[in-house]
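Below is one structure, written out as structure tokens; the observations come after it.
The values are calculated or read from the model by the stated rules, or taken from the named source; none is laboratory data. If you're wondering where the values come from, they're calculated on a predicted model, not measured in any experiment. Note: ideal-geometry Cβ built from the backbone for every residue, glycine included; neighbour counts use all protein chains shown. Remember, those area values only see protein heavy atoms, side chains included, never the ligands or the DNA or RNA. Shrake-Rupley method; radii C 1.70, N 1.55, O 1.52, S 1.80 Å.
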Amino acid sequence: MNLTIRDVKEFIEQEDVSFIRLAFCDVFGKQKNVSVMNTELDRAFETGIAIDASAVKGFGSEEKSDLFLFPDASTLAVLPWRPSQGSVVRMFCDIRYPDGTPFELDGRNILKKAVDFAKSENLEISFGAEHEFYLFKTDDEGYPTNQPHDRAGYMDIAPEDRGVNIRREICLTLSEMGILPESSHHEEGPGQHEVDFKYSDPLSSADNSVTFKSVVSTIAEQYGLWADFSPKPLPYESGNGLHINISVKSRDGKDYLGSFMAGVLNRIKEMTAFLNPSEESYKRLGVKKAPKYITWSKENRSQLVRIPAGSGKYRRMELRSPDPLANPYIAYALLIYAGIEGIKNSMQAPPPTDINLFNADAEQLKNTETLPHSLKEANAIAKNSDFIRRILPQRVIDTYTL
């Protein structure tokens, strides 16, 4: 929605909104919020609402810990699961220092700069994410167990698939919030599900990814379940991926997707610490359709990058290595810069690897470059990357890699 501050104020008054949640993310992409009464809306827009940065993981120490949240009016959304009378809305916020300068660990601001850079290069880059998650049963106190909600498999139907109504409610709730899911289905793992999103601009796509997690977690709890977005919830089952689809349009009408992809492949090892930010992430890679090798191919799901069938506005690349613990703002920013580097340097992708990598023998793969094998390796590569240092503030790099 392209709402203005005036639009938001009118909506709050006309729709009997009592509480406003000011949402932001920590440096790892975990959503936080502070709730204010509707009487504080003017102050929020004009001078911001103060938070204690020292209490947010990775944001800093007790010294100079005051930060301010400034709501982005265009992100207004009603929380449908809250009461209709005295309702609750949410807006994502920009984070600033007391003097008004942007906070360098604010992922939204990092992504905004990347989007502005793309525009300066006459490029329009769009993202569509495929989100995977597990649903687990909970114990008598509401804490998660290791028992999946069902034993269904890929695209199974009811009654084997017990998540049909849950996915339906997730999609309807997102639609009420102005977010358009494209499709949903049961995934390969027991109790595992996927919801895919239509293309949108990078900032909206990242905001939607954060919103998606909160919606899924809230609805799962209402059903007495626990939503798990970790990369490898069950050791012998499929991991959770965050497949990122990217399309590139230029004002001159040229097709730059190949060079964009080449740029991403060239920098993927340096970015992996931010796309796969946990030890558990590396238990997923290379197993059950999660990629391990730095390769690409058309319509081949064993590859790091897949070019799905499609032409024109449907032409895109699908990056299959990221997982749901990635901060989408930072991930998208890095991908934008890497891809544009590929375009500016007229990079050419290596020949496609048109084989099933999961069935290939050692001889076929002996010269094939791989993603980092561990978080320690990924962190070391990121710390020594000039590319990463050019894009991310040192405090962000240190927070991830120390």
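Some points to look at:
- Assigned charges on the beta-carbon of Lys, Arg, Asp, Glu; the chain dipole about Cα centre (debye): 1160
- Candidates SER297, ILE244, ILE219 compared by Cα position along the dipole of the chain: farthest toward the positive end lies SER297, with charges placed on Cβ.
- Under the span-like rule (Cα at least 27 Å along the axis, Kyte-Doolittle mean at least -0.5), DSSP H helices of the chain: 202-222
- When only alpha carbons are used to place a centre, the range 1-65 and the range 160-215 end up 24 Å from one another.
- Total charge dipole magnitude, the range 248-392, about the Cα centre, Cβ charges on Lys, Arg, Asp, Glu only, Debye to nearest 20: 400
- Nearest-20 debye value, the range 1-90 charge dipole, Cβ charges on Lys, Arg, Asp, Glu: 340
- Whole-Å distance, taken between Cα centres, linking the range 335-355 and the range 265-328: 14
- Convex hull volume per residue, computed on the Cα atoms of the chain, equals 155 Å³.
- Positive-end extreme of charge dipole, the range 67-193 - chosen from GLY189, GLY153, ILE166 (charges on Cβ): ILE166
- Accessible-area order (highest first, 1.4 angstrom probe) of the listed residues GLU280, GLU13, GLU132: GLU13, GLU280, GLU132
- Taking every Cα-Cα distance in the range 1-88 and sorting them into 5 Å bins from zero, the calculated P(r) comes out as 3, 13, 22, 23, 17, 12, 7, 3, 0 percent.
- With K and R counted +1 and D and E -1, the other residues having a Cβ less than 10 Å from that of ILE343 yield a net charge of 0.
- Protein accessible area in the chain, 1.4 Å probe - carbon and sulfur %: 47
- Pairs from the list LYS213/LYS298; LYS30/LYS198; LYS254/LYS383; LYS32/LYS292 with a Cα-Cα gap above 28 Å: LYS213/LYS298; LYS254/LYS383; LYS32/LYS292.
- Value of relative contact order over the chain, rounded to a whole percent, pairs C-alpha under 8 Å and six or more apart: 15
- The range 332-385: GluC sites (Glu not before Pro) in DSSP loop, at most 14 other beta carbons within 10 Å: GLU369
- Fraction of the pair-distance distribution of the range 1-147 above 27 Å, Cα-Cα pairs, percent: 37
- Residues of the chain: accessible area per residue with a 1.4 Å probe, Å²: 46
- Summed side-chain charge close to LYS288 - residues other than LYS288 whose Cβ falls under 15 Å, Lys, Arg +1, Asp, Glu -1: 0
- Unit charges at the beta carbon, dipole of the range 245-396: most positive-side option, ALA309, ASN384, SER281: ALA309
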